Amino acid sequence: MPLVRMAEAITAMQPGQVLKVTGDDPFFESGVRDYCLARGYDIVGASSDGRAITVLIRV
Amino acid sequence: MLVSGSLDHALVAFEIAAGMQAMGMQITMWFALLGINSIRKSAGFPLVRRGVPKGELVGGAGRNTGTDTAWQQVLQAANRYHSKRLPLSRLNFLGAGPWLLRKIMRKKGMAELPGLIGSAAALGVRFRVCQTCVDTMACEVSEDLVVDVEVCGVSRYTLDVRDSHYNAVI
């Protein structure tokens, strides 16, 4: 459900703000990257700490 | 278009619809035949909620109560499935299959069907149901369903399919 959760979070944000998303799904990062490609958002940074993957998106 | 009343098919349909809507596509979900079960509320008891006297105009959208028959109540009594209780298309084992699947999905932190339906509706997915199915199964769309729907026919479906980039019949 990362797509749905992100879409819900982004509706409450202003353009230019940065969203930090964290997940533990093996396909989480590729899902976030596909999502940003489709919606035209920039990925500011990505990191992984053990199982937790964190991606920063500029809306 | 969801025509199947199975939990596995409904999960796929709603997962795709909610995901694609989140990705920025306008999604319209169609429900026909037993697919309507996936967005039905529990009918509770008694088995048949309302008797519709022949010819009396108590029908909501898409209903032609003049041609109703008692067999529709038999169908309602037999079709006890709703959004929180759907069978699997295979490996149902009298309800043990869906129970096991729910247990696994909960452990994995996945959204279950009622949650997925709520997310899809909140994201702006449109829901449309087949008029002939509503009339056949004596379904009152304003009371019996968990989401707001439009009752439409093949003509609307034709336009929806013609104007879309992707169409799946599940």
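The values are calculated or read from the model by the stated rules, or taken from the named source; none is laboratory data. Only a predicted model underlies this, so the values are computations on that prediction, with no experimental measurement involved. Neighbour counts run over all protein chains shown; Cβ positions are idealised from the backbone, glycine included.
A few remarks follow.
- Answer from A:V44, A:V55, A:V21, A:V32 - the residue that is within 14 Å of another protein chain (Cβ to nearest Cβ), in a strand (DSSP E or B) and either modelled with pLDDT of 90 or more or within 23 Å of B:L113 (Cβ to Cβ) (or both): A:V21
- When we screen B:S38, B:S4 for residues that are at pLDDT 85 or above, more than 14 Å from chain A (Cβ to nearest Cβ) and part of a loop (DSSP other than H, G, I, E, B), the only hit is B:S4.
- Only one entry in B:S155, B:S119 is of a type outside the set (K, R), assigned to a helix (DSSP H, G or I) and either in contact (Cβ under 8 Å) with a residue 24 or more places away in the chain or under 17 Å from B:S42 (Cα atoms) (or both), namely B:S119.
- Segment B:12-26, residues that are within 12 Å of another protein chain (Cβ to nearest Cβ) and either within 13 Å of the chain's Cα centre (by Cα) or surrounded by fewer than 22 Cβ atoms within 10 Å (Cβ to Cβ) (or both): B:F14, B:E15, B:I16, B:M20, B:M23, B:G24, B:M25
- Tabulated pairs, segment B:96-116, first at pLDDT 95 or above, second outside any loop (DSSP other than H, G, I, E, B) and surrounded by fewer than 16 Cβ atoms within 10 Å (Cβ to Cβ), C-beta under 8 angstrom, 6+ apart or interchain: B:P98/B:R85
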